[in-house]
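The structure under discussion appears below in the form of structure tokens.
The values are calculated or read from the model by the stated rules, or taken from the named source; none is laboratory data. Predicted model only: the values in this text are computed from it and were never measured. Glycine gets a Cβ as well: all are built from the backbone with ideal geometry, and neighbour counts include every protein chain shown. Note: areas computed on protein heavy atoms with side chains; ligands, DNA, RNA excluded. Shrake-Rupley method; radii C 1.70, N 1.55, O 1.52, S 1.80 Å.
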Amino acid sequence: VQLQASGGGLVQPGGSLRLPCAASGSSGSINYMGWYRQAPGNQRELVASILKNGYTNYADSVKGRVTISRDNAKHTVYLQMNSLKPEDTAVHYCTVNTPRRAYWGQGTQVTVSS
């Protein structure tokens, strides 16, 4: 499975970004899809995740500002981020799980700054 994430960039506080991540290869067996982030000096942490049945999970720090969704036909997961804050600045990574293992994308930088 290969993952291609995009959509990062520089945005002002209060702005929005949408991060898509497309899976290719043996992507038909994917159940779990998620987004993590890692800021300099910090550990990688969960932002949000979604199962194939639509069950979602969010970090407390992003609840109410972030929505995760997926298109199973396109094997793509989306992270819609609104009301962005400077503390959201981090490299964002998408990840998917198959019954065999987890896969990680290359990361996309999100910078929130005025």
Potential lengthening between GLN2 and ASP71 on full extension [0.36 nm per residue; Cα-Cα distance subtracted]: 23.2 nm
Surface share of carbon and sulfur [accessible, 1.4 angstrom probe, percent] for the chain: 46 percent
Descending semi-axes in Å of region 1-52, equivalent ellipsoid built from Cα gyration tensor: 24, 14, 11
Net charge dipole size for the chain [Lys, Arg +1 and Asp, Glu -1 on Cβ; Debye, nearest 20]: 260 debye
Placed amide H near GLY107: partners under 5 Å, 5+ positions off or other chain: ALA5, CYS94
Furthest towards positive pole of dipole, SER24, TYR78, HIS92, structure part region 9-100, Cβ charges: SER24
